[in-house]
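Before any comments, here is the structure.
A short reminder: the numbers here are calculations on the coordinates, not readings from a lab. In this text, all values refer to a predicted model and were calculated from it rather than measured experimentally. Ideal geometry is used to build each Cβ from the backbone, glycine not excepted, and the neighbour counts take in all protein chains shown.
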Amino acid sequence: MHLIERQLQNAVNKLIAWCDNNGHTISAEKSRCVHFCRKRNMHLDPNIRIRNSPIPVVNEIRFLGVIFDRKLTFLPHVLHLRKKCEKSLNILKVLSKTSWGADRTFLLRIYQAVILSRIDYGCTVYGSVRPTVLRRLDTTLPSGSALERFVPLR
């Protein structure tokens, strides 16, 4: 672990030197580090510093909208995505009332734009996770027939 930690520290030092030469700054308070590892036995997290300030090691980190956890199970991301999709589906259900609701094609477009786009984004990263993790998304997403149930025909 010491060799890898030393190599990481050298890479951070080179990045800091490049930033200093090009007019950028890196803040240790805003930086986070994740130790990705699937080993079961305990081992120490790396101690990496930016200008003698330690970079805190966290269990999960959000990068470009995808939540990466330390074992790369993507369970926190799927749970967060499920929660956001459930909120959007509840709004879509309110908009789909038969007496005053929106048109069916309009609701399907909203469904594709809001809900399916959230799921599609990042699926190349988290798409290869265990099927039990992905099944948690299936419970919130309506199938075609279920979508037609709450998007009425007129």
Exercise for the section: Give the label of the value calculated from the structure for percent of Cα pairs over 18 Å apart, choosing from (1) 57; (2) 69; (3) 61. Expected result: (2)
Practice task
Excluding residues on the same chain fewer than 8 positions from Lys93, give the lysines whose Cα lies under 26 Å from its Cα.
Solution key: Lys83, Lys84
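Gain in length, Gln7 to Ser31, computed as 0.36 nm per residue apart minus the alpha-carbon separation, to one decimal in nm?
Full extension of this stretch gives 6.8 nm more.
Report the relative contact order of the chain, percent, no decimals, based on alpha-carbon pairs under 8 angstrom and at least 6 residues apart. Spell out each step's value before the answer.
On the way: 138 pairs, mean separation 29.7, N = 154.
About 19 percent, as a whole number.
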Handout entry: Electrostatic dipole magnitude of the chain [Cβ: Lys, Arg +1; Asp, Glu -1; Cα centre; debye, to 20]
Key = 380
Handout entry: Gaussian network model of the chain, springs between alpha carbon atoms under 10 Å - residue of Leu92, Leu64, Leu81 with greatest fluctuation
Key = Leu64
Fill in the blank from the handout: Taking His35, His24 and counting other beta carbon atoms within 10 angstrom, the fewest-first order is His24, His35
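For the residues Ser31, Ser53, what sequence is obtained by ranking on other C-beta atoms within 10 Å, fewest first? Mind showing how you got there, number by number?
Numbers: Ser31 14, Ser53 11.
Taking fewest neighbouring Cβ atoms as first place, the list is Ser53, Ser31.
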Practice task
For a footprinting-style exposure proxy, rank Trp18, Trp100 by other Cβ within 10 Å, fewest first.
Solution key: Trp100, Trp18
